[in-house]
Every structure is written in structure tokens, then in C-alpha cells.
1. Can you classify the stretch 17-135 as rounded, prolate or oblate using the Cα gyration tensor, where a ≥ b ≥ c are the square roots of its eigenvalues, rounded means a/c under 1.5, and otherwise it's prolate if a/b beats b/c and oblate if not?
2. Could you work out, for the stretch 209-272, what percent of all Cα-Cα pairs fall into each 5 Å distance bin, beginning at 0 Å and stopping at the bin that holds the largest distance?
3. Which far-off residues, 5 or more places away or on another chain, put their amide H under 5 Å from the one on Ala234, with H placed in the peptide plane?
4. Going through the cross-link list Lys30/Lys67; Lys257/Lys690; Lys635/Lys742; Lys67/Lys257; Lys183/Lys257; Lys257/Lys461, which pairs have a Cα-Cα distance over 27 Å in this structure?
5. Sorted by packing (mean other beta-carbon atoms within 10 Å per residue), highest first, where do 707-719, 561-573 land?
6. Among Pro17, Phe36, Thr7, whose Cα lies farthest out toward the positive end of the dipole of the stretch 1-75, if unit charges sit on the beta carbon of Lys, Arg (+1) and Asp, Glu (-1)?
7. Considering only protein heavy atoms, with the full assembly of protein chains and a 1.4 angstrom probe, order Lys237, Lys549, Lys460 by accessible area, largest first.
8. Which of the peptides 85-97, 629-641 is most tightly packed, and how do the rest follow, going by the mean number of other Cβ atoms within 10 Å of each residue?
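The values are calculated or read from the model by the stated rules, or taken from the named source; none is laboratory data. This is a predicted model, so every value here is computed, not measured. With ideal geometry, Cβ positions are generated from the backbone for all residues, glycine too; neighbour counts draw on all protein chains shown. The area values use the complete protein model at the heavy-atom level, side chains included, leaving out ligands, DNA and RNA. Shrake-Rupley method; radii C 1.70, N 1.55, O 1.52, S 1.80 Å.
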Amino acid sequence: MRAERITQRIETQGNTPQARFGHTVTAISKTKVILFGGAIGDTGKYSITGDTFCFDIASRVWSRIDKVSGVAPSARAAHASCAVETLQLVIYGGATGGGSLASDDLYLLDLRKGENEGSWMIVPVVGSTPGRRYGHSLVFIKPHLLAFGGNTGNESVNDVWSLNVEKSPFSWNKLEISGDVPKPRVYHSACLCTTGSATGMMVIFGGRTNDQSALNDTWGLRRHRDGRWDWVRAPYKNSSEQAFARYQHTSLFIGSKMLVLGGRTNQVGEVVPVEAYDTENSEWVKYSSIQRFRHSSWTLDSEVFIHGGFENETPNIPTDSIVKLDSNKLFGKSESAARTVPEAIKPLDQNRAIPKIPRGLNKTPEIREIRLASQVLVSMAGETNDDYAEMVKKVPIDHLKEEGKRIGSKPLPPGTIKHTPIESAGAVFLEMLFKSHDWGNLTEVKFVKTNTDVNRMQIKKDSILALIQECEDILKNEPNVIRMRAPVKIFGSLNGQYVDLLRAFESYGEPSEKLVDGDIECFDYLFLGDYVDRGTHSLETILLLMALKTKTPDQIIMLRGHHEDAQINVHYGLAQECRTRLDEDPNDPNSVFASLNRMFEYLPLCAVIEDKILCMHSGISQSLRSVEDFESIPKPIVINHMVQTPEQQALLDLLWADPCDNDRETGFKPHTARSVFGNIYKYGLDRVQKFLADNKMSLLIRSHECVMEGFERNSTNDLITLFSATDYCGKYKNAAAILLVKRNFEIVPKIIYPLNGSVGSWIDNEEGLRVRPATPPRWKSRN
């Protein structure tokens with residue numbers, strides 16, 4: 001536990017509210033919070049209030065909101081509140097004293113009229129409600145207002161109710177959730193995670209059960225794109241380092257870390273530390289104690305404020321003081337700064353001059369027209385179960401959808417034949433992994449059983465680490481923007497689909513020197529990222545690509561995708577695969593998992609073919625005017641999910657942004673499906689065309705989204721989305737594609753269709769592995 005003093009009591013002015021407990025303090029803007037209700041007096045003789053105060057964080061001045069119209073809530077304590085929009089909050093439930101509970105009305109306070117003015121209203125709701133309760137929680141995950149748990153007066157409960165604020169008439173709906181659920185509880189905490197892998201989750205911690213026992217479990221409630229909700233129990237890095245069981249505490253997020261503040265335990269007067277749960281590495285860390293309970297708390301950037309409640313020294317008399325906690329001191333300045341909620345990011349000047357950087361490697365003799373071929377090459381498996389060869393035929397591009405329906409699915413290849421590993425680090429991977437022509441004897445990595453019955457890769461770990469280091473040394477010397485010459489073969493997201501990579505090599509040529517099928521002397525190969533996660537063979541996929549990279553580094557170009565990020569792949573497959581197949585701890589800095597992620601930080605960001613075709617993983621940004629903006633970014637590049645500069649925003653969009661849903665939409669707009677926090681954007685066709693025109697280019701090729709035919713072009717043929725993994729997440733039966741950019745700038749799509757049984761190639765939602773629901777494919781009819 002860190003003993004450094006991390007808090008200070010701040011002085012306030014104005015109309016200070018009386019000392020109280022069981023109240024709420026809700027942030028409604030960047031600098032203002034609203035206090036409502038609570039109990040005043042000591043625990044032997046107290047009264048419940050219904051007053052409303054505003055605190056200006058910048059000036060540290062309290063003011064009572066007196067000019068209020070409408071029907072205000074009755075006096076109450078142990079209620080719940082949350083902000084729904086700027087300068088608007090809602091109140092629900094609570095206790096009114098003498099064993100009575102507040103009504104089940106939902107109250108809205110609107111403070112948009114002006115300073116110290118507001119209006120209360122009862123939100124008109126039809127149908128059932130969560131009912132009367134206290135000690136519950138209220139969280140807003142736009143557009144859903146969620147009420148969880150609490151005590152109904154007779155018992156503690158664990159139900160969840162949702163109200164969609166964008167759907168009229170308003171109604172509460174009790175969520176039917178299958179699978180594991182948290183225990184019933186009261187006086188727990190709940191907060192919304194807005195960054196990292198737990199983005200969009202309501203995270204609850206602790207509370208007290210019906211038998212008065214304190215809890216220390218952590219759960220996340222998430223909504224799937226198909227409308228389902230489910231609970232996910234938070235994993236712990238070390239079960240012996242779990243948090244203190246507590247109740248009547250508060251919790252909130254600083255970046256990806258959930259802070260748990262104060263509270264009481266099963267032992268009267270027990271000192272409990274401030275604890276932080278990191279949603280990225282599943283680890284609890286303990287800090288100095290803040291002895292408060294039945295208090296309220298809120299955040300402003302890196303600062304945490306705690307108001308009211310009881311202190312251990314005076315457990316029967318509440319305080320009116322505000323204590324400030326500085327997370328820069330708590331976490332360490334550099335760590336906190338990287339995860340602090342930023343001010344609004346100002347885009348780069350869109351009218352500034354584009355820097356002139358020599359493109360000496362691209363001596364294009366003349367400007368040539370880029371056009372998509374009229375026919376597509378389609379690969380399909382043999383027609384009998386005994387014939388696993390891939391056959392290729394030409395199909396008119398306009399008939400591609402019908403061809404996919406006609407061909408249907410084919411059976412998977414049979415089992416594998418294991419080979420004795422070779423000690424040579426370079427040869428071992430190509431020998432064992434590069435077997436693209438013999439489907440009947442498909443070679444996978446060989447496994448042996450240990451005495452503890454844990455699977456291990458027969459390839460020595462030292463050989464894997466040596467390959468990673470060799471690849472990293474090559475990448476360190478590559479620029480962030482790679483200049484390429486046609487002809488080029490382009491691959492989209494692979495997502496651990498090793499078999500699909502081999503099938504593409506089988507059907508359309510492989511990057512080798514073989515006389516029959518090898519074409520590395522004729523073509524460069526470009527991969528657009530997302531080599532790992534989702535699929536069950538991330539290790540084979542990335543090891544094969546690294547082996548190819550180290551053999552012909554100038555002709556195998558690997559760009560960075562959003563899964564080449566430790567904050568993502570720790571949860572979506574790679575870490576679990578390293579843990580189970582290599583029997584290693586991904587948190588070990590010397591592990592294959594950690595070494596891969598260090599190597600990923602040196603991957604280039606985008607490629608330019610013949611000065612005319614821009615290739616990247618995901619998309620452009622309002623913070624990006626030229627690809628040359630990336631040239632000067634020093635390596636290694638760590639992706640900051642809580643952006644603070646335009647450059648960080650451009651990097652995030654490069655890996656996460658998507659085109660708008662249809663070609664009629666314009667400009668940049670928040671991409672709520674990707675980020676509740678609003679730091680990822682969608683971009684319109686007009687922005688693509690402007691970016692290409694400014695940079696004297698003609699086409700943008702990107703990946704990141706599943707598309708049903710393996711590739712999708714927009715209405716004006718200046719943007720192509722490419723996806724190279726079939727049957728995304730075992731759900732959509734999509735085809736996969738690669739693109740061949742010929743010397744005359746004709747672009748030929750080459751297609752493979754999914755095999756029967758491919759669902760087994762995608763990770764299910766295993767216990768302890770947080771696998772995000774599959775993002776639905778882009779549909780060609782969005783124009």
C-alpha cells in the first residue's frame with residue numbers, strides 16, 4: 001500500500017449546505033455539480049432533506065438553487081441520481097425516514113434556464129416500474145437509464161430495469177438476463193466505464209447482502225448489438241489480491257481504472273484503503289485510506305472530490321467538508337496523465353500547407369486511371385469430401401452475390417499430421433506453418449502433453465522470442481508510411497483465421513520462391529492489420545507472417561490494426577491463447593504475449609501505392625490532413641485511448657474510425673457504436689474525397705469492418721473496404737477477399753468462401769475472456 005498523502009481538504013465559499021449523509025452529488029457539466037437530499041443531524045437524531053445545491057468546482061462556491069419550478073421530489077436519502085444530458089439529471093427512489101420509502105416516480109431536474117434556476121418534473125412513465133427501493137444505483141448508458149439492486153423495504157434485490165430516454169412513451173423494462181448474475185445487494189456502487197476494453201459497461205462493486213455481509217465482487221453489465229444484456233464477472237489477476245469487501249462506499253472511473261473510495265466492512269471501524277481495479281490488466285492496487293462512508297464523490301479530469309458522509313473519527317456525526325484526491329499522485333504523474341479525461345480535442349488546421357516530403361521510392365512515370373476489374377476471381381473447395389483442392393473461376397462482379405449463394409459452404413479439411421520440429425528459428429515456422437497446398441495433411445503447430453496436462457507448443461519458446469525480436473529489429477527501421485510500387489497483393493483483417501490465410505495462398509499464389517505457386521519475385525504483399533484475436537489461431541497467423549517478414553522484409557509489409565494493441569488483445573483472444581497454448585503468464589514482461597505487443601508498437605501505420613492509393617487499417621480523421629502527418633511520430637507508438645492531442649486522435653481514428661452508414665452522410669460525427677466516450681468518429685464520403693484530393697490520390701483501401709462479399713466499394717469507387725476472414729465470428733457466413741493491384745492500376749478482387757464448420761474457428765465467450773459481440777457487417781445497400 002502506498003503511504004504518500006494523496007488528499008487535501010479544500011476550502012469553499014458561499015451558501016454551504018449543512019453536513020449530511022446519504023445524499024447524492026451529480027456532475028452536470030465540466031465545472032458544476034448538483035447536491036440533492038440526504039440526512040442532516042447525527043445518527044441518533046436526524047432529519048431527511050429535499051434541498052438542492054450547486055457547487056462550482058472552478059470558483060469553489062456553493063449556491064442554493066431557490067428558483068425552482070415544477071414538482072420537486074420529496075425529502076429523501078439513500079436515493080440514486082445520474083446526469084442524462086448536460087445540465088440535466090434524474091432522481092429515483094430513496095428512504096423518507098421512519099421506515100418509509102419514496103415513491104417510484106422518476107424526477108428530472110432541468111437547469112438549462114440559467115444560474116441557480118431550474119425546473120423539476122415527474123417523467124411520465126407507462127407500465128411497471130422498479131418499485132420503491134433505497135440503496136440502489138442509477139447509471140445512464142445512452143440512451144438507456146439503468147436502475148440496479150437496492151432494498152425494497154423487505155429484502156435486497158438484484159434486478160435491472162432499463163428506460164430508453166429516446167423512445168416515447170417512456171416505460172421501464174425489467175431486463176431478462178440469462179447466465180450468472182450478481183447477488184442481491186444494497187449500498188453497492190455503480191459507475192460507467194468510458195474508455196478501454198470495458199467501454200460502455202456499467203460496473204458494480206461490493207454492497208451488502210440480505211444477511212448483512214459485505215461483498216467485494218465486481219461485475220460489468222453490457223448490451224449486445226442484438227439488444228441482449230448480460231453480466232460479466234470481472235476477472236482478477238491474482239485472487240489473493242482482491243479488494244476489501246465493503247458497502248456504503250463510492251466508485252468512479254479515471255480512464256480505465258475504477259477507484260473504490262471509503263465505505264464500511266464487516267468489522268466496525270476497520271480502516272479500508274482506496275483501491276483501484278484496472279479493467280485492462282484485471283489487477284487490484286491498494287493506496288492510502290480515505291475514511292468516509294455514506295458520502296458522495298465525483299471527478300474533474302484527474303481530480304476526485306469526496307463530499308459529506310461520516311469520517312471514522314466521528315462515525316455518528318456527518319461532515320460538510322470536501323476532500324480532493326489527485327490521481328496524478330495516486331497513480332504516478334505519467335500514468336495518470338495518459339488516462340485523464342481530456343479537454344475537447346481541437347482538430348488540426350485543415351487549411352495548413354501539406355508538408356513536402358520526398359517520395360523518392362515512387363518514381364511513377366505518369367498518372368494512370370485506377371479502375372476495378374469487371375470480373376472477380378472466386379475460389380471454392382472441391383466438390384467431393386475427398387478433394388480439398390481449391391478451384392478458381394471468374395465471375396462477373398455484378399453477379400458475385402448470386403454466385404456466393406449458388407456455391408454454398410464446403411466441408412472443413414481433415415485433421416492434421418504432426419512433424420518433428422526443426423531447431424532453426426527461421427526455418428521452423430515456415431516448415432511447420434507454410435503448408436498451403438496439402439489440405440489433406442494440413443500442418444498445425446504440434447502439441448505435447450505435460451505431466452500437468454497442459455498443452456504446450458512443441459516449438460521452443462526461445463525460438464518464438466527470437467523470431468519476434470528479429471521482426472521487431474526490422475520494423476524499427478521502417479517508416480510509419482510505407483511507399484510501395486505495383487503490383488501488390490492486399491490482405492484485410494485476418495483475425496486469427498490461419499486456415500483462410502493458407503487458402504488464399506493456395507488459390508492465388510503464395511509469397512515464396514516455389515516454381516509453381518510462388519510469386520514473391522513478382523508481387524509485394526501488404527497486410528492491413530488485425531492479425532490476432534477473435535479467431536482461434538492467432539499464434540499460427542502472426543508467427544507465419546513474421547517468418548515471411550524476416551525472410552523477405554522489403555516485400556512483406558504489415559500495417560498496424562486495432563487488435564495490435566495490448567489494451568485490446570489482452571481481452572479478445574491473444575492473451576488467452578498464449579496462456580493456454582504456451583502455458584505462460586501474459587503479465588510476465590518476458591512472455592510471448594508481452595514481446596508480441598512490444599513488437600506491434602513498431603508496425604507502420606499506412607502505405608501508399610504509386611502515390612495514388614492510400615492503404616490503412618481503418619480510416620481518416622478530422623485531425624488528419626495528410627499522411628505525412630504520421631511521418632514524424634517517433635516509435636514505439638503506444639495508442640492512447642484517452643486522447644489529449646490531435647495527433648493521438650488521428651492515431652485512434654486510423655485504427656478505429658469507419659465510413660458513415662451511407663454515402664449521403666457528410667462530415668465527421670461521433671461513432672457511438674465504437675466509443676460511448678465519443679473519441680472515435682465516422683467520416684462521410686465528402687471527407688474521403690477531400691482528403692484524397694488534397695493529397696493528390698485516387699483511392700482509399702481500408703479494412704476494420706466485415707463485409708459480406710469480402711470487399712465493398714462505395715458509390716463513387718474511391719473507397720474500398722476489404723476483409724480477409726470468412727464467416728466472421730462464426731455468425732455471418734461472409735466471404736473473404738484479397739485485392740490484386742496490377743501494374744496498369746486495375747484492381748482485381750479475389751474471393752474465397754467459408755467452409756462448413758468454420759464457426760469452430762472463432763472464439764466463444766469463454767469464462768474469464770471478455771469477447772465483445774460481433775460488430776455487424778457493413779451492407780452494400782447503404783448508399
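1. Because a/c hits 1.5 or more and a/b fails to exceed b/c, the stretch 17-135 counts as oblate.
2. Calculated P(r), rounded to whole percents: 4, 13, 20, 22, 20, 12, 6, 2, 1, 0.
3. Amide H to amide H, under 5 Å and 5 or more residues apart or across chains, Ala234 pairs with Thr218, Trp219, Gly220.
4. Details: Lys30/Lys67 22 Å; Lys257/Lys690 39 Å; Lys635/Lys742 32 Å; Lys67/Lys257 38 Å; Lys183/Lys257 23 Å; Lys257/Lys461 32 Å.
In this structure, Lys257/Lys690; Lys635/Lys742; Lys67/Lys257; Lys257/Lys461 exceed 27 Å between Cα atoms.
5. 561-573, 707-719
6. Thr7
7. Descending order: Lys460, Lys237, Lys549.
8. So the peptides 85-97, 629-641, ranked by packing, come out 85-97, 629-641.
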